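Read the structure below first, then the notes.
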Amino acid sequence: MNSNDKPRLRFFENSPSQRHIQPSDQYIYAHEEPSYALGVIGTGTIGQEHMRVATMLGRARVHGVYDSQAESLDVAIGGFEAYAGKAPVRYDSLEAACNDPETDALFVCTPNYTHIDVFEVAAKSGKAIFLEKPMATTIDDAKRIVEVANDYASFVQVGLQYRYKAPYVEARHEVLERHSLGDVRMISMSEYRPPFLDKVGQWNKFARYSGGTLVEKCCHYFDLLNLFAGARPERVFASGGQAVNFRDFVKDGKNADIDDHAFVIVDYNNGVRASFTLNMFAPHFYEELVVSGVGGRLVASESFNFYEDEIARSSVAIEHGESAATRRIDLAYAKDIDQSGHHGATFYEHVAFMDHLDGKSTDAATPLQGLWSIVVAAAAQESVDSGQAIRIDDLIGRHSLDTVL
Ligand SMILES: NC(=O)c1ccc[n+]([C@@H]2O[C@H](COP(=O)([O-])OP(=O)(O)OC[C@H]3O[C@@H](n4cnc5c(N)ncnc54)[C@H](O)[C@@H]3O)[C@@H](O)[C@H]2O)c1
């Protein structure tokens, strides 16, 4: 049994009732020395989540942090000290954060429109890079990132971690590994959720900073559609708009211009048809994935009503009618893991990143998969604006993507 397979009981080891257990008596509570040191760039909402999750997983330690806003650093360092017992190094520039010889990997957690510039500096370090989603706000910037990543001595992992949410892990296993549904023909995915949260500088209220809602938020779902379709997207048609949220929001004289609802249809070149529904003025969170194949149907869902629930309610059903048994399974990650961020998806994304550092192959999102998620998202955003279906070949031609696809 290697150290990563050792049984862990995080719930007990973190419990106040177990603090009297001395290091000499610790076996299942014993913490291995972390193998890697991380630098975190951008210590806002998700940067702090990565600091917390990395510390909880324990395979890497957060060595240093950098943010362009002092208040974000103060809050992140204060919070980190409270649970980790030690302050990380506070870098005073991006270059210092990227080139600290103590760190093995960099987590880029800054707003979408800054990713390309931060990534270019980070990539000079030769260190492993975790780059938050969407990897860029434009197809051209995403292409540039793929080009750099293709020649990179180390690796780049993109933060499309919804593939690690419990219902989608199970769905991937059933559909793509067990082939429980036979050939896939139709996929429909939906997300109902409350509005975007406040952000530093409110970058997520403006398409020029976020890439638009379908890029910023929905790249996660287009990544999932691409995975389940197992083919290249061919044509995208979308209808959407700003019906409810931030209609009176003005910053620096500019009105918020981000969509809060949409229907998107994607045709794949293997005949699979997919759809995505977005609604961002719902009272709580609900996601559903329905995959229909020649031999059955799968329904995976995740519901989180933060007014009532402690952890997400997740399930997957595999329906076979008369041909085989139908199964309905409730799913839950361990409570501490569920509550550490994005219902455990971030935790398992870190497991993949650490495995990658250990030299193992993983199923985490690659820069090319990140680019494909943006291609579908950008096509959908363009379709909303133009009212026309967008042919992906046209888009590939316009952006000369042939060199990287
Ligand atoms: N994978 C996910 O599920 C997920 C969830 C949330 C956010 N994100 C992504 O993470 C990124 C950050 O989002 P957030 O919610 O943490 O935003 P945030 O506004 O809460 O935090 C961003 C932080 O980056 C800092 N920053 C801005 N420009 C910078 C620069 N050039 N250099 C260093 N620091 C800079 C800001 O001061 C702020 O503290 C975005 O790309 C977002 O899309 C991903």
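The values are calculated or read from the model by the stated rules, or taken from the named source; none is laboratory data. Quantities reported herein were computed from a predicted structural model and do not represent experimental measurements. In this analysis, Cβ positions are derived from the backbone assuming ideal geometry, glycine residues included, and neighbour counts consider all displayed protein chains.
Listed here are the residues, each with its yes/no results for (1) touching a Gly at 6+ places or on another chain (Cβ under 6 Å); (2) over 30 Å from Lys124 (Cα atoms); (3) within 16 Å of the ligand (Cβ to nearest atom); (4) not aromatic (Phe, Trp, Tyr).
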residue: Thr138; (1), (2), (3), (4): no, no, yes, yes
residue: Asp141; (1), (2), (3), (4): no, no, yes, yes
residue: Arg144; (1), (2), (3), (4): no, no, no, yes
residue: Val156; (1), (2), (3), (4): no, no, yes, yes
residue: Leu160; (1), (2), (3), (4): no, no, yes, yes
residue: Ala166; (1), (2), (3), (4): no, yes, yes, yes
residue: His179; (1), (2), (3), (4): no, yes, no, yes
residue: Gly182; (1), (2), (3), (4): yes, yes, no, yes
Residue check, Tyr268 against (1) among the aromatic types (Phe, Trp, Tyr); (2) within 30 Å of Asp198 (Cβ to Cβ); (3) touching a helix residue (DSSP H, G or I) at 6+ places or on another chain (Cβ under 8 Å), all met but one. Which one?
-> (2)
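Yes or no, residue by residue, for (1) within 27 Å of the chain's Cα centre (by Cα); (2) assigned to a strand (DSSP E or B); (3) more than 16 Å from the ligand (Cβ to nearest atom); (4) among the aliphatic types (A, V, I, L, M):
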site: Tyr27; (1), (2), (3), (4): no, no, yes, no
site: Gly39; (1), (2), (3), (4): yes, yes, no, no
site: Thr43; (1), (2), (3), (4): yes, no, no, no
site: Met51; (1), (2), (3), (4): yes, no, no, yes
Do we find that Ile311 is touching a residue at least 24 places away in the same chain (Cβ under 8 Å) and either outside any loop (DSSP other than H, G, I, E, B) or exposed (fewer than 15 other Cβ atoms within 10 Å of the Cβ) (or both) in this structure?
-> no
Within segment 321-353, work out how many residues are away from the ligand (no atom under 14 Å from the Cβ), in contact (Cβ under 8 Å) with a residue 60 or more places away in the chain and surrounded by fewer than 22 Cβ atoms within 10 Å (Cβ to Cβ).
-> 8
Which residue pairs have Cβ atoms under 8 Å apart, sit 6 or more places apart or on different chains, and have a first residue in segment 145-157 that is over 16 Å from Asp117 (Cβ atoms) and modelled with pLDDT of 95 or more and a second that is among the charged types (D, E, K, R) and part of a helix (DSSP H, G or I)?
-> Gln157/Glu349
Tell me which residues, restricted to segment 284-302, are of a type outside the set (Val, Ile, Thr) and touching a Phe, Trp or Tyr at 6+ places or on another chain (Cβ under 8 Å).
-> His284, Phe285, Tyr286, Glu287, Leu289, Ala300, Ser301, Glu302
Does Leu289 fit the bill of being in a strand (DSSP E or B), touching an Asp or Glu at 6+ places or on another chain (Cβ under 7 Å), touching a residue at least 12 places away in the same chain (Cβ under 8 Å) and closer than 23 Å to Val384 by Cα?
-> no
Meets criteria (small (Gly, Ala, Ser) and within 13 Å of the ligand (Cβ to nearest atom)) for Gly211 | yes
Within segment 204-214, identify whether any single residue is closer than 24 Å to Tyr113 by Cα, over 19 Å from the mean Cα position of the chain (by Cα) and not in a helix (DSSP H, G or I), and answer yes or no.
-> yes
Taking Val316 as the residue in question, decide whether it is part of a strand (DSSP E or B) and more than 17 Å from the chain's Cα centre (by Cα).
-> yes
Return yes or no: is Phe222 in a loop (DSSP other than H, G, I, E, B), more than 17 Å from Ser314 (Cα to Cα) and aromatic (Phe, Trp, Tyr)?
-> no
Within the group Ile258, Ile265, which residue is touching a residue at least 24 places away in the same chain (Cβ under 8 Å) and part of a strand (DSSP E or B)?
-> Ile265
Give me the pairs: first residue in segment 34-47 and under 14 Å from Arg90 (Cβ atoms), second residue away from the ligand (no atom under 15 Å from the Cβ) and of a type in the set (Ser, Thr, Tyr), beta-carbon distance under 8 Å, and six or more apart or on different chains, which are they?
-> Gly39/Thr103
Output the residue which, of all residues in segment 86-124 that are of a type in the set (Asp, Glu) and within 12 Å of the ligand (Cβ to nearest atom), is surrounded by the fewest Cβ atoms within 10 Å (Cβ to Cβ).
-> Asp92
Is segment 69-85 home to any residue that is of a type outside the set (Lys, Arg), within 16 Å of the ligand (Cβ to nearest atom) and touching an Asp or Glu at 6+ places or on another chain (Cβ under 9 Å)?
-> yes
